Structures are given as C-alpha cells and as structure tokens.
Amino acid sequence: MRRVGVIVHPTRDVSEPLAVVTGWAAERGVEVAQVFVLGHEPVLAPPTEPSRCDVLVAIGGDGTVLGALRAAAPAERPVLGVAYGSLGVLATTLPEGLAAALDAFAGGQWVPRPVPALEIHVEGRPARQVFNDLVVLRAGAGQVTVAIAVDGEPYAAFGGDGLIASTQAGSSAYTFAAGGPLLAPGTDAYVLTPLAPHGGSVRPLVLGAGSGARVEVDPGHGGARIELDGQPATLDADAFDLSLSPGRATLVRVGGEEGVFAGLRRRGIVADSPRVVARAARERNARGG
C-alpha cells in the first residue's frame with residue numbers, strides 16, 4: 001500500500017478514528033490524504049484524488065460511505081466504511097477495529113462486497129448513478145403525477161407525493177420508512193415505492209436486475225424536486241429511464257461485521273410484534289430470568 005484516502009463526515013469530530021489511520025500509516029510508511037466529496041468538510045489531511053489511493057476510508061455514517069462510493073466508483077477503488085456516531089448498513093467497522101481492518105486489507109485478507117448502483121438515463125445526457133435511492137417529491141401544494149412502465153409495459157400512473165426508486169442497500173432507509181419492502185442482502189433487484197398515492201391500487205414494485213423502468217413525472221402547478229442519495233439535485237427532464245448496474249462499487253469486508261438484519265433490529269427499525277415480545281418476557285419471568 002502506498003496511500004490511504006480518507007473521507008470524513010462534514011460536522012462530526014473524527015479526530016479519534018483519524019488518529020488510528022494516521023498512526024497505522026506512519027508505522028508502515030503509508031501516506032494519508034483526504035478526498036473531498038462535499039466541498040465543506042474540515043481540512044484534515046493533504047488533498048488527493050480517489051484514483052491515487054489504494055483504499056478510501058469513509059469515517060462517519062452511511063451518508064459518508066455513500067459519498068465515498070460515488071467518489072470511488074469511477075476510479076474502481078474499494079471503500080472501508082467506519083461507523084463513527086452510529087453503526088449503519090454500509091458503515092460497519094467500529095473505530096476499535098479499524099487498525100485490524102487496515103491490516104487485513106493490506107495483507108489481502110478481505111472480501112470485496114459488490115455494491116450495485118441505480119443508473120438514471122435522461123435522453124442526450126450521461127447516465128447518473130445512485131447507491132441508495134432516487135426520490136421524486138412534490139415541491140409545493142398539490143400532487144405530482146407519476147407514470148411507471150416496466151420493459152415497455154405500463155404498470156401504473158398515480159397522483160401523490162412522489163416516488164422512491166431504491167437499490168437493495170437503500171431499501172432499509174426511506175423506502176422502508178415509506179412502507180416499501182426490505183430487500184435482503186445480495187438481492188439482485190431494485191424497488192419502486194409510490195409516496196402517498198391517491199386512490200387506485202399502486203403497490204411497491206420490485207424489479208429484477210434485467211428489467212428497466214420508464215418514469216414520467218407531471219409536476220403539476222406546485223412543482224417537483226429530485227433527491228439523489230439524499231442530496232438535492234436536478235435532472236431537467238420530466239421523463240427518465242432506470243436500470244440496475246451490478247457491482248458498480250466495492251465495499252471492504254474483513255469479517256466480524258454486524259449483519260444487516262442484526263443492525264436493523266438493534267436500531268429498532270425492524271422489531272418483533274408486541275405479542276411476541278410479551279410472550280418472551282413471560283417465559284423469561286417463568287424461568288426466573
């Protein structure tokens with residue numbers, strides 16, 4: 001290894017895990033530099049480009065890892081997500097395990113986890129990618145109208161608050177909160193979840209990696225806005241096509257990370273029903289536990 005690139009949360013104090021990275025690197029003659037993805041992060045190391053790094057270490061939460069994935073994908077560099085604040089779906093390495101994770105990476109003792117991207121195609125423009133979700137939202141009073149077609153066949157058109165298009169990784173975020181399905185790790189699919197559809201019967205739709213979706217948006221008099229991976233964006237088009245691009249980026253896994261379902265349960269995002277919880281409590285009490 002010659003250089004570690006760090007990407008940091010814009011507001012959290014990351015001095016503790018950063019000291020682990022710099023100390024580890026100093027002992028091995030490895031350079032540490034900083035990759036800027038938002039433009040308003042604190043300057044903590046000399047700047048560099050992702051293509052000049054062996055690995056990008058994202059310190060923060062899942063949002064920081066998403067920024068790292070977007071930066072790393074064109075350069076085909078892996079990302080090690082370090083949870084500093086809360087353990088998430090993408091940021092799974094704890095600061096106390098960071099030195100060991102870097103040792104494993106440097107020694108080739110790591111497993112690449114391919115991360116798919118949802119590609120957004122607007123006619124006449126380069127494709128754009130999201131690793132979590134694309135969200136169409138009404139910008140003011142009134143509804144937006146969304147029409148969805150899959151592989152050229154109309155699925156449904158509806159008025160409502162908008163639409164979420166999510167990858168497997170993003171399915172546990174806004175999609176799940178809006179009543180969409182949770183896609184299990186490794187699922188080669190993406191999901192379209194209507195937001196507050198008015199009338200009709202328009203359920204969330206899971207599409208396989210080989211299927212393409214056409215989305216047409218009528219913003220109405222109140223207008224519509226777009227978010228890509230949680231960041232405000234513009235597409236400058238009322239129609240776009242979606243497709244899944246498998247293995248667009250790579251996460252570093254060294255073993256011992258918390259499982260996705262375990263993390264969702266720990267944070268209360270997925271929970272057992274009250275009846276099951278009450279029964280388990282009674283059984284514990286009966287055993288004297």
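Where a number appears in this text, it was derived from the coordinates with a stated rule and is not lab data. Quantities reported herein were computed from a predicted structural model and do not represent experimental measurements. FYI the Cβ positions are ideal-geometry reconstructions off the backbone, even for glycines, and counts take in every protein chain you see.
Some notes on this structure:
- Helix 62-72 and the long axis of the chain differ in direction by around 80°, with both axes built from C-alpha atoms.
- Note on residue 76/residue 100: beta-carbon distance plugged into 1/(1 + (r/R0)^6) with R0 of 25 Å gives a FRET efficiency of 0.50.
- Exposure rule at most 14 other beta-carbon atoms within 10 Å, DSSP loop GluC sites (Glu not before Pro): the chain longest free segment: 124-289
- Look at where the Cα atoms of the range 107-123 and of the range 64-102 average out, and the two centres are 13 Å apart.
- Cleavage-rule hits (trypsin sites (Lys or Arg not before Pro)) in the range 251-289: DSSP loop, at most 10 neighbouring Cβ within 10 angstrom: 287
- The range 118-246 shape via C-alpha gyration tensor axes, a/c threshold 1.5: rounded
- Gyration tensor (alpha-carbon) shape descriptor, the range 47-108, a/c threshold 1.5: oblate
- The chain: angle of helix 274-286 to the longest principal axis, Cα-based, in degrees nearest 10: 50 degrees
- DSSP finds beta bridges in the chain, and of those with both partners inside it, around 75 percent are antiparallel.
- Computed over the chain, relative contact order equals 18 percent, with contacts defined as Cα pairs under 8 Å that lie 6+ residues apart.
- Virtual spin-label span in nm between residue 285 and residue 245, 7 Å along Cα→Cβ: 5.6 nm
- Note on the chain: helix-only mean residue ellipticity at 222 nm, from DSSP H runs of 4+ residues weighted -39500 (n - 2.57) and normalised by residue number, equals -6000 deg cm²/dmol.
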